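Visitor: One structure, pasted below without further comment.
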Amino acid sequence: MVDINDFNKNMDEKGWHIFHEIIPMDLVNSMLSDMEKAYFTCREIQIKNNIPDNNEGTLHHLIELGQSYIDYLAVSEQFNACFEHYFRGKYILNSFGGNINRKGIMSYARNIHRDIRTFSGDLPLLLNTLVMFDEFTHENGATYLMSGSHRTHPELPTEEAFHAVAEQAIAKAGSVLVFNSNLWHRAGINVTDQPRRSVTPMYCKPFIKQQYDYSRALGYDNVEQYSPWLKQVLGFNARIPASLSEWYQPLENRMYKSDQG
């Protein structure tokens, strides 16, 4: 159940919130199936482009690698009131990655980090979310979050300062972790023999560049198949014109709509 009051309280105080067991398991299983195929696609390109190290188990821009991920975005409309409150207005998808945390595998996700390079303070530029495909436990490396650091630590904390207050996001499969992108966090270490899998949709203010041009990748000609909600979140209302012909358009046809901030 989406409770906006609990969400707002936790986001203000801790900087993170969990919606427990809120995504149907049939959709989770569909995304898992698509993840298996997407992993080999991403890994093949990582190796071909000579960047195999520190990327094992990471996947990026899954939207065009499986219909289930677009189906997830449609289901995530239930979070809209919470996310619009956080952003104080409209927002779009910034990236849609995935992570497979296995025993003995290292990746950059294990480092203490935040996913916004510039500390934005009270200005909400970016929002992290994480959809749990497996139960997140201490043993399988559930994400650590430095509670309150979105307000108190603009600079990278030491290991000691981080773990003095860090909490793990412990929850069942189908749960969704949401956290302020100014929050310092890291993946835990998986000491079990089973993978701990998730996807990580991130959202941003519409005037911020997406990490991947989702609307162009999915095709401008296909826009009518998406609901108004999906058109907004995928970025169809915040596109950048690539020609004067695309720039000089009547209001209803403009690529960047006037309500995007």
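Visitor: Give segment 90-102 a look and list any residue that's open to solvent by less than 60 Å² (accessible area, probe 1.4 Å) and not in a strand (DSSP E or B), or say none. Spell out the reasoning first.
Guide: If we filter segment 90-102 for residues that are open to solvent by less than 60 Å² (accessible area, probe 1.4 Å), which is where we start, we get 91-101.
Once the filter is applied, which keeps residues that are open to solvent by less than 60 Å² (accessible area, probe 1.4 Å) and not in a strand (DSSP E or B), segment 90-102 yields only Tyr91.
Visitor: I would also like to ask the following. Of all residues in segment 115-142 being out of contact with any Lys or Arg (no Cβ under 9 Å at 6 or more places or on another chain) and within 12 Å of His185 (Cβ to Cβ), which is most open to solvent (accessible area, probe 1.4 Å)?
Guide: Asp115
Visitor: Sort out which residues of segment 194-213 are assigned to a strand (DSSP E or B) and in contact with a helix residue (DSSP H, G or I) (Cβ under 8 Å, 6 or more places away or on another chain), and write them in order of number. Talk me through it step by step, then tell me what you get.
Guide: Restricting attention to segment 194-213, the residues satisfying the condition of being assigned to a strand (DSSP E or B) are 196-204.
Passing the criteria: Arg197, Val199, Pro201, Tyr203.
Visitor: Okay, next question. Give me the residue from segment 214-241 that is of a type in the set (A, V, I, L, M) and not in a helix (DSSP H, G or I) and, out of that set, least open to solvent (accessible area, probe 1.4 Å).
Guide: Ala238
Visitor: Among the residues of segment 103-114, what is the count of those that are touching a Gly at 6+ places or on another chain (Cβ under 6 Å) and either open to solvent by 30 Å² or more (accessible area, probe 1.4 Å) or modelled with pLDDT of 95 or more (or both)?
Guide: Initially, segment 103-114 is screened for residues touching a Gly at 6+ places or on another chain (Cβ under 6 Å), giving 105, 107.
Adding the requirement that they be either open to solvent by 30 Å² or more (accessible area, probe 1.4 Å) or modelled with pLDDT of 95 or more (or both) leaves 105.
Of the residues in segment 103-114, 1 are touching a Gly at 6+ places or on another chain (Cβ under 6 Å) and either open to solvent by 30 Å² or more (accessible area, probe 1.4 Å) or modelled with pLDDT of 95 or more (or both).
Rundown of residues vs (1) of a type in the set (D, E, K, R); (2) in a loop (DSSP other than H, G, I, E, B); (3) modelled with pLDDT of 95 or more; (4) more than 26 Å from Met1 (Cβ to Cβ), yes/no style:
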position: Met31; (1), (2), (3), (4): no, no, yes, no
position: Ala38; (1), (2), (3), (4): no, no, no, yes
position: Glu44; (1), (2), (3), (4): yes, no, no, yes
position: Tyr69; (1), (2), (3), (4): no, no, yes, no
position: Ala74; (1), (2), (3), (4): no, no, yes, no
position: His85; (1), (2), (3), (4): no, no, yes, no
position: Val131; (1), (2), (3), (4): no, no, yes, no
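Here is a yes/no grid of residues against (1) in contact with a His (Cβ under 8 Å, 6 or more places away or on another chain); (2) open to solvent by 90 Å² or more (accessible area, probe 1.4 Å):
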site	(1), (2)
Asn10	yes, no
Glu13	no, yes
His17	no, no
Met25	no, no
Ser30	no, no
Ser33	no, no
Ala38	no, no
Thr41	no, no
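Visitor: Still on this structure, please answer the following. Given the criterion within 22 Å of Arg43 (Cα to Cα), of a type outside the set (Gly, Ala, Ser) and open to solvent by 70 Å² or more (accessible area, probe 1.4 Å), identify the matching residue among His85, His60. Working first, answer last.
Guide: Working: His85 fails: within 22 Å of Arg43 (Cα to Cα).
Being within 22 Å of Arg43 (Cα to Cα), of a type outside the set (Gly, Ala, Ser) and open to solvent by 70 Å² or more (accessible area, probe 1.4 Å) holds for just one of His85, His60, which is His60.
The values are calculated or read from the model by the stated rules, or taken from the named source; none is laboratory data. Keep in mind it's a predicted model, so treat the numbers as computed, not measured. Cβ atoms come from the backbone with ideal geometry, glycine included; neighbour counts cover every protein chain shown. For accessibility, only protein heavy atoms count, side chains too; no ligands or nucleic acids. Shrake-Rupley method; radii C 1.70, N 1.55, O 1.52, S 1.80 Å.
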